[in-house]
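Okay, here's the structure, questions in a sec.
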Amino acid sequence: MIVAKNIQKTFSNHKVLKGIDLHIKQGEVVAIVGPSGAGKTTLLQIISTLDIPDLIPEVSLKINNISPIGLKDKKLAAFRNQHIGFVFQFHQLLPEFTALENICIPAYIANKKKAEVQKRALELLSFLGIKNKAHNKPSQLSGGEQQRVAVARALINQPAIVFADEPSGNLDTQSADNLHQLFFKLRDEFRQTFVIVTHNETLANMADRKLVLKDGNLVL
Ligand SMILES: Nc1ncnc2c1ncn2[C@@H]1O[C@H](COP(=O)(O)OP(=O)(O)OP(=O)(O)O)[C@@H](O)[C@H]1O
Ligand SMILES: [Mg+2]
């Protein structure tokens, strides 16, 4: 599913990632943990194609057997749209659109049929327990509900992998627990793969695997 070799990242002479190797299988929930500044977000952004690693000869990254490194803007955008879902700490929903519309946007970008997309979006909203909020705008949703909409948006195109950076960082304990349970429910029902950066110890301990980053290296 994801195979990464020798991922390094240097920001103006500061080597933040020093050579990371990873292998993540379908249906795994993997947590990336470590102290602030360890390079977790940097690593997630690289393996999720939002950033590029140092272009050294030994580097390689494959997602679904495709190497995104070197894809040009349009092809990269299409690759992300098709294969990858994102959930961020701040949900980044579009405020002027309803929950349902926000969820559908990535599928419209992929030119999928409107009726089918809306049907799937409503199924996802049901699965996430917020079908009755389909026509609410983000400002009319609680933080936990907004984050569930963001998860549905990440799932609409049936991506191979969902990447999340501190998805529950902004939620109260109860909403965070609900969101975490949702990740595992999605994994159990659909074999959805998740790679999640988190400071939440409960979530990290629930994960199938915990990758600990320290000073730019993975430690065991
Ligand atoms: N665009 C950038 N330019 C320069 N330095 C950066 C950039 N992005 C991150 N860094 C540096 O890289 C290091 C790792 O940052 P990163 O955001 O990956 O940490 P993190 O592990 O996600 O931390 P946190 O838990 O606080 O979110 C930090 O020292 C940060 O200052
Ligand atoms: Mg971070």
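No lab work stands behind these numbers, since they all come straight from the coordinates. Every value quoted in this text rests on a predicted model; they were computed, and no experiment measured them. Glycine gets a Cβ as well: all are built from the backbone with ideal geometry, and neighbour counts include every protein chain shown.
Every residue, every condition in (1) over 26 Å from residue 214 (Cα atoms); (2) in contact with a strand residue (DSSP E or B) (Cβ under 9 Å, 6 or more places away or on another chain); (3) not aliphatic (A, V, I, L, M), yes or no:
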| position | (1), (2), (3) |
| --- | --- |
| 12 | no, no, yes |
| 39 | no, yes, yes |
| 48 | no, yes, yes |
| 82 | yes, no, yes |
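Let me ask another. Can you name the residue in the stretch 1-23 that is farther than 15 Å from residue 84 by Cα and β-branched (Val, Ile, Thr) and is also nearest to ligand 2 (Cβ to nearest atom) among such residues?
Per the stated criteria, the residue is 16.
Count, please, the residues in the stretch 19-51 that happen to be away from ligand 1 (no atom under 12 Å from the Cβ) and either at positive phi or out of contact with any Phe, Trp or Tyr (no Cβ under 8 Å at 6 or more places or on another chain) (or both).
Selection size over the stretch 19-51: 10.
Which pairs have Cβ atoms under 6 Å, sit 6 or more apart or on different chains, and link a residue in the stretch 21-40 that is acidic (Asp, Glu) to one that is more than 8 Å from ligand 1 (Cβ to nearest atom)?
Going by the 6 Å Cβ cut-off, the qualifying pairs are 21/5; 28/193; 28/208.
Shifting gears a bit: In this structure, does residue 39 turn out to be surrounded by 13 or more Cβ atoms within 10 Å (Cβ to Cβ) and in contact with an Asp or Glu (Cβ under 9 Å, 6 or more places away or on another chain)? Even if it seems obvious, please write down each step before you answer.
Numbers: surrounded by 13 or more Cβ atoms within 10 Å (Cβ to Cβ): yes; in contact with an Asp or Glu (Cβ under 9 Å, 6 or more places away or on another chain): yes.
Criteria met by residue 39.
Where in the stretch 144-220 are there strands (runs of 3 or more DSSP E), lying fully within it, with 3 or more residues that are more than 26 Å from residue 117 (Cα to Cα) and within 13 Å of ligand 1 (Cβ to nearest atom)?
Strands (runs of 3 or more DSSP E) meeting the threshold: 209-214.
Quick check on residue 24: is it surrounded by 13 or more Cβ atoms within 10 Å (Cβ to Cβ), in contact with a Ser or Thr (Cβ under 8 Å, 6 or more places away or on another chain) and among the aliphatic types (A, V, I, L, M)?
yes
Shifting gears a bit: Check whether at least one residue in the stretch 148-168 is under 18 Å from the mean Cα position of the chain (by Cα), of a type in the set (Ser, Thr, Tyr) and farther than 25 Å from residue 4 by Cα, and report yes or no.
Checked the stretch 148-168: at least one residue is under 18 Å from the mean Cα position of the chain (by Cα), of a type in the set (Ser, Thr, Tyr) and farther than 25 Å from residue 4 by Cα.
Sort out which residues of the stretch 20-39 are of a type outside the set (D, E, K, R) and closer than 19 Å to residue 49 by Cβ, and write them in order of number. Please lay out each step first, then the result.
The first filter runs over the stretch 20-39 and keeps only residues of a type outside the set (D, E, K, R), leaving 20, 22-24, 26-27, 29-39.
If the condition is that a residue be of a type outside the set (D, E, K, R) and closer than 19 Å to residue 49 by Cβ, then 20, 22, 23, 24, 26, 30, 32, 39 are the ones that fit.
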